[in-house]
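The structure under discussion appears below in the form of structure tokens.
The values are calculated or read from the model by the stated rules, or taken from the named source; none is laboratory data. Here the structure is a predicted model, which is why all the values come from computation and not from measurement. Because the Cβ atoms are built from the backbone with ideal geometry, glycine has one as well, and the counts that use them run over all protein chains shown.
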Amino acid sequence: MQSAETASQAGRWIGRGEALARLGVKAQTLYAYVSRGRIAARPDPNDPRRSLYAVADIMRLSGDEPAAAGEIGQWLPPPEESADAEFELRSAVSISAQGRLFYRGMDAGQLAEAATLEDVARLLWDARSANPFAEVRPRVGATPGHSARGRLFAALARRAEEDAELKARSAEALRVECARVLDEAVDAVAGSGPRLFLHQRLARAWKVRESDAHLIRRALVLSADAGLDAPALATRAAADGGASPAGAALSGLATLAGSSGIIDLARASAWVVAVRRQAADAARRAHEAGVLSGFGDPAWPRGDPRAAALLQAVGLPEDLARAMREGEQMTGRAPTFGLALVAVARRLELPRDAAADLLMIGRLAGLLAHALDQTTNGSPIRARLRYVGPEPGAN
């Protein structure tokens, strides 16, 4: 039977600090309880960036109140919310507005004019005046893998294993950890060498002229984030479950690698190769055959600003420039960002898969930002799994 004090507290909601003190656990464990339906959470009406937690659920888990039969593991919605409330995540990383993409309030296209990937990473990670890259040292030893992407995934998997220990880390320490992850990822793709900027190390590995290295820099900066899409959601879900920044970002990159965006990029790359080999009228033939890729993105009805910012700086050869113009005229749609990355790769004569590699390396900085944001400031991810399989015991 409940005591009077227990009954009076059952309907209360408390902040994270008090919840952690009552449970005697770390923040990652509290978030895991919420994501698994063990503790109900709701936004703090006084500060929507923070969450409140149900005292009744915390009392059950801490042993102050016995759980009712069959109650463990069920998701309990807050009394004033519907059980079918819309799934929502809060992010401070990026947003698209007025046909433009903003990284923490700053226009991505404008940043690409001069910023390095390190600059943008610091912005997305909310490092402010601190420079987490100042503490990074090169790692000795090559990363195994026969392709750039294979080495990139191997480097992240290694870091995910090394950083897997659950321990409390300050936001500053996590930013340094992210800087090391990004640095090692670029080394895995480009190989060891002088401690240049990240884009310069890639340019050196791909034998790009110094005067053209700014195109790689621009491509990386514009690739850093794309709002809340499937890779960002996968990253946040992994971070919310307790994964390290490297492990969470690995989840996001694996999602990106199998996404329709990468498939469209590959098709656009094949089309560009055909154009360069068969002259510009290949665009018209591809359009008539219904296989013209790289034009029109549902997420950007008026055209992707990242593609426009990148293509303005490329300086395409006339055959490819003409094909791009004709493709846009025939489809009535603007080039996608994937096609712009392909154009840069072909203009610089990079390896076959370099456009996708640029996208994944640049995006890694943004995925690490989502992992950081979720770990340090993110609201718990609340989602319900609705079972639609056979009735238990029916077979």
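Would you call Ser269 of a type in the set (S, T, N, Q), over 15 Å from the mean Cα position of the chain (by Cα), modelled with pLDDT under 90 and surrounded by 23 or more Cβ atoms within 10 Å (Cβ to Cβ)? Talk me through it step by step, then tell me what you get.
Numbers: of a type in the set (S, T, N, Q): yes; over 15 Å from the mean Cα position of the chain (by Cα): yes; modelled with pLDDT under 90: yes; surrounded by 23 or more Cβ atoms within 10 Å (Cβ to Cβ): yes.
Here the answer is yes, as Ser269 does meet what is asked.
Would a scan of segment 123-133 turn up a residue that is in the same structural domain as Gln200 (by TED's automatic domain parsing), in contact with a Leu (Cβ under 6 Å, 6 or more places away or on another chain) and not aromatic (Phe, Trp, Tyr)? I'd like the intermediate steps shown before the answer.
Looking only at segment 123-133, we keep the residues that are in the same structural domain as Gln200 (by TED's automatic domain parsing), and these are 123-133.
Remaining after also requiring in contact with a Leu (Cβ under 6 Å, 6 or more places away or on another chain): 125.
Next cut, not aromatic (Phe, Trp, Tyr) only: none.
No, there is no match, as no residue in segment 123-133 is in the same structural domain as Gln200 (by TED's automatic domain parsing), in contact with a Leu (Cβ under 6 Å, 6 or more places away or on another chain) and not aromatic (Phe, Trp, Tyr).
On the basis of being in a helix (DSSP H, G or I), modelled with pLDDT under 95, of a type outside the set (Val, Ile, Thr) and closer than 30 Å to Ile381 by Cβ, does Leu253 make the cut? Break it down stepwise before answering.
On the way: in a helix (DSSP H, G or I): yes; modelled with pLDDT under 95: no; of a type outside the set (Val, Ile, Thr): yes; closer than 30 Å to Ile381 by Cβ: yes.
Answer is no for this residue.
Arg195 - would you say it is part of a helix (DSSP H, G or I) and either crowded, with 22+ Cβ neighbours inside 10 Å or out of contact with any Ser or Thr (no Cβ under 8 Å at 6 or more places or on another chain) (or both)?
Details: part of a helix (DSSP H, G or I): no; either crowded, with 22+ Cβ neighbours inside 10 Å or out of contact with any Ser or Thr (no Cβ under 8 Å at 6 or more places or on another chain) (or both): yes.
Against the criterion (part of a helix (DSSP H, G or I) and either crowded, with 22+ Cβ neighbours inside 10 Å or out of contact with any Ser or Thr (no Cβ under 8 Å at 6 or more places or on another chain) (or both)), Arg195 does not qualify.
Within segment 342-350, can one find any residue that is surrounded by fewer than 16 Cβ atoms within 10 Å (Cβ to Cβ), closer than 21 Å to Val186 by Cα and either assigned by TED's automatic domain parsing to the domain that holds Ser260 or touching a residue at least 60 places away in the same chain (Cβ under 8 Å) (or both)?
For segment 342-350, residues surrounded by fewer than 16 Cβ atoms within 10 Å (Cβ to Cβ), closer than 21 Å to Val186 by Cα and either assigned by TED's automatic domain parsing to the domain that holds Ser260 or touching a residue at least 60 places away in the same chain (Cβ under 8 Å) (or both): present.
Working carefully through the options Gly191, Gly252, Gly241, Gly258, find the one that is at positive phi and assigned by TED's automatic domain parsing to the domain that holds Leu359.
Gly191
When only residues in segment 309-326 that are under 30 Å from the mean Cα position of the chain (by Cα) and surrounded by 19 or more Cβ atoms within 10 Å (Cβ to Cβ) count, which is nearest to Ala266 (Cα to Cα)? Can you show your working first?
Our first condition is that a residue be under 30 Å from the mean Cα position of the chain (by Cα); within segment 309-326, this holds for 309-316, 324.
Narrowing further to those that are surrounded by 19 or more Cβ atoms within 10 Å (Cβ to Cβ): 309-311, 314, 324.
Values: Ala309: 21, Leu310: 18, Leu311: 18, Val314: 19, Met324: 16 Å.
Residue satisfying both the conditions and the ranking: Met324.
Name the pairs: first residue in segment 99-113 and touching a residue at least 40 places away in the same chain (Cβ under 8 Å), second residue in a strand (DSSP E or B), Cβ to Cβ under 7 Å, at least 6 apart or on different chains?
Cβ pairs passing all conditions: Arg100/Asp107; Leu101/Ser94; Tyr103/Ser94; Ala108/Leu101; Ala108/Phe102; Gly109/Arg100; Leu111/Tyr103.
I'd like the full set of residues that are charged (D, E, K, R) and more than 21 Å from Ala171 (Cβ to Cβ), limited to segment 203-246. Spell out how you get there, then give the answer.
At the first step, the residues of segment 203-246 found to be charged (D, E, K, R) are 204, 207, 209-210, 212, 217-218, 225, 229, 236, 240.
Listed by number, the residues that qualify are Arg204, Lys207, Arg209, Glu210, Asp212, Arg217, Arg218, Asp229.
Answer yes or no as to whether Ser51 is within 28 Å of the chain's Cα centre (by Cα), of a type in the set (S, T, N, Q), assigned to a loop (DSSP other than H, G, I, E, B) and modelled with pLDDT of 80 or more. Show your work before the answer.
Numbers: within 28 Å of the chain's Cα centre (by Cα): yes; of a type in the set (S, T, N, Q): yes; assigned to a loop (DSSP other than H, G, I, E, B): no; modelled with pLDDT of 80 or more: yes.
When the stated conditions are applied, Ser51 does not pass them.
Collect the residues in segment 105-148 that are outside any helix (DSSP H, G or I) and of a type in the set (Val, Ile, Thr), keeping them in residue-number order. Give the derivation first.
Filtering segment 105-148 for residues outside any helix (DSSP H, G or I) gives 105-107, 112-116, 125-131, 136-147.
Within segment 105-148, Thr116, Val136, Val140, Thr143 meet the criteria.
For Gly145, state whether it is within 20 Å of the chain's Cα centre (by Cα), assigned by TED's automatic domain parsing to the domain that holds Ala226 and modelled with pLDDT under 95. Spell out the reasoning first.
Details: within 20 Å of the chain's Cα centre (by Cα): no; assigned by TED's automatic domain parsing to the domain that holds Ala226: yes; modelled with pLDDT under 95: yes.
So Gly145 fails the test.
Cβ-Cβ below 7 Å, separation at least six or inter-chain, first residue in segment 231-259 and of a type in the set (Val, Ile, Thr), second surrounded by fewer than 20 Cβ atoms within 10 Å (Cβ to Cβ): which pairs?
If the second residue must be surrounded by fewer than 20 Cβ atoms within 10 Å (Cβ to Cβ), the pairs left are Thr255/Ala230.
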